Amino acid sequence: KQWYQRRVRGQLKDQGPNLTSPIVAPVMAGGLFAIDRAYFEEVGTYDTEMNIWGGENMEMSFRIWMCGGRLLSLPCSRVGHIFRDSAPYSFGGESQLMTLYRNYARAVEVWLDRHKALFYRFVPLARDVNIGDISSRVKLRERLKCHSFDWYLENLLPMLPTEARLLASGQIKNTKINQCIDTLGRRKANDTVSHYRCLPTREQGYTSQVWMYSKKYEIISLENCLDASVADPDSKALKRVALYPCHGLGGNQKWYYTPTQQIVHAESQLCLTVGEPGKSKLFLSKCDGSGHQIFTFTNIYDHDDFEI
């Protein structure tokens, strides 16, 4: 899973209404923070078995919140950061990507509890990484009497899609052409959504085919949702499907998955449709029950919650 960071205003009762007030931060940037030295040592400094860089910000964020601390982002703080074109150091004989996966997996195994399965679904290669000994970090969590990851999600990220908040997840496959809905790595607002051959879990590009279908009837890829704006459902113009940041308001981003395995755009009542394999755009058309409108999800969680 590629984690994305959110800053949430108004999560705590004592937070001020002023735009310059500190913002509750579920996750911080790993290299840009200030902390009391004694508290830093008390709460476990860094996981010293993580390599080079990457993932330490996630691990520290979970640990600080779950173990009784708080993270605040200061809107009026300004920090300059110059990025190099390439790292001037090696990653200890392994690739940068596998180093990141190892670090992420260490944090996941210590802090995510039952939610770690969702991480491995998005980053299956992390299952193959030797993460080393995590017993000292597990003991640290026990000694600090930390909260569960459920507590973290409920109090800091109630909007984040977890398996408990999903109806379905995984690849969305059209059985007629045997291809899966795919972002092709696109993440910008209004980017076109396509379909491509269904990739095995350990092949590069697989995560661009992993989707989450929420109990709000959103179809989610990372921070974006499938979105379609249809001014006139009866017009013959191509009704394009795109990515757009999830807003949680339904409307253009609300989709029903029917017992006949069609994905219906709630606002227009048109069906999600694929073209032939050589024409990879995803679009909406009148529901006709054809194979081009039949989709399966890898995982279905709770049929009882489906609203038809």
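What are the residues in segment 22-40 that are in contact with a Leu (Cβ under 6 Å, 6 or more places away or on another chain) and over 18 Å from R78 (Cβ atoms), if any?
Pass one, segment 22-40, residues in contact with a Leu (Cβ under 6 Å, 6 or more places away or on another chain): 22, 24-26, 28.
Scanning segment 22-40 gives V24, P26.
As an exercise: evaluate K176 against (1) at pLDDT 90 or above; (2) touching a strand residue (DSSP E or B) at 6+ places or on another chain (Cβ under 7 Å) and give the number of the one condition it does not meet.
Just one mismatch for K176, condition (2).
In segment 162-188, which residues are buried (at least 22 other Cβ atoms within 10 Å of the Cβ) and closer than 23 Å to S229 by Cα?
Passing the criteria: I172, N174, C180, I181, D182, T183.
Of all residues in segment 65-85, which are open to solvent by 100 Å² or more (accessible area, probe 1.4 Å) and among the aliphatic types (A, V, I, L, M)?
Within segment 65-85, the subset open to solvent by 100 Å² or more (accessible area, probe 1.4 Å) is 70, 74, 78, 81-85.
Within segment 65-85, L74, I82 qualify.
Do you know which residues across segment 174-227 are more than 16 Å from the chain's Cα centre (by Cα) and part of a strand (DSSP E or B)?
N174, Q179, C180, I181, T192, S194, H195, Y196, R197, D227, listed by residue number.
Determine which single condition D191 fails, assuming it passes every other condition in (1) open to solvent by less than 60 Å² (accessible area, probe 1.4 Å); (2) touching a Pro at 6+ places or on another chain (Cβ under 8 Å).
With (1) open to solvent by less than 60 Å² (accessible area, probe 1.4 Å); (2) touching a Pro at 6+ places or on another chain (Cβ under 8 Å) applied to D191, the lone miss is (2).
Which residue pairs have Cβ atoms under 6 Å apart, sit 6 or more places apart or on different chains, and have a first residue in segment 192-213 that is on the phi > 0 side of the Ramachandran plot and a second that is assigned to a loop (DSSP other than H, G, I, E, B)?
Matching pairs, first to second residue: G205/L199.
Could you check how many residues of segment 41-53 are modelled with pLDDT of 90 or more, within 19 Å of R106 (Cβ to Cβ) and either touching a Phe, Trp or Tyr at 6+ places or on another chain (Cβ under 9 Å) or open to solvent by 20 Å² or more (accessible area, probe 1.4 Å) (or both)? Outline the logic, then answer.
Within segment 41-53, the first condition is being modelled with pLDDT of 90 or more, and the residues that meet it are 41-51.
Filter once more, so that each one left must be within 19 Å of R106 (Cβ to Cβ): 43-51.
From what's left, either touching a Phe, Trp or Tyr at 6+ places or on another chain (Cβ under 9 Å) or open to solvent by 20 Å² or more (accessible area, probe 1.4 Å) (or both): 45-46, 48-51.
Qualifying residue count for the region: 6.
So which of Y213, Y206, Y196 ends up being open to solvent by less than 60 Å² (accessible area, probe 1.4 Å), within 19 Å of A242 (Cβ to Cβ) and among the aromatic types (F, W, Y)? Walk me through how you get there before you give the answer.
Numbers: Y206 fails: within 19 Å of A242 (Cβ to Cβ); Y196 fails: open to solvent by less than 60 Å² (accessible area, probe 1.4 Å).
The unique qualifying residue is Y213.
Hey, among V110, V138, which residue is surrounded by 15 or more Cβ atoms within 10 Å (Cβ to Cβ) and not acidic (D, E)? So that I can check it myself, show each step before the final result.
Details: V138 fails: surrounded by 15 or more Cβ atoms within 10 Å (Cβ to Cβ).
Exactly one residue qualifies, and that residue is V110.
So for segment 242-265 (the condition being closer than 23 Å to E163 by Cα, modelled with pLDDT of 85 or more, surrounded by 12 or more Cβ atoms within 10 Å (Cβ to Cβ) and in contact with a Lys or Arg (Cβ under 6 Å, 6 or more places away or on another chain)), does at least one residue qualify?
Among the residues of segment 242-265, not one is closer than 23 Å to E163 by Cα, modelled with pLDDT of 85 or more, surrounded by 12 or more Cβ atoms within 10 Å (Cβ to Cβ) and in contact with a Lys or Arg (Cβ under 6 Å, 6 or more places away or on another chain), which makes the answer no.
The values are calculated or read from the model by the stated rules, or taken from the named source; none is laboratory data. Predicted model, so just to flag it, every value in this text is computed and none were measured. Methodologically, a virtual Cβ is constructed for each residue, glycine included, from the backbone with ideal geometry; neighbour enumeration extends over all protein chains shown. The accessibility values were calculated without ligands, DNA or RNA, using every heavy atom of the protein model including side chains. Shrake-Rupley method; radii C 1.70, N 1.55, O 1.52, S 1.80 Å.
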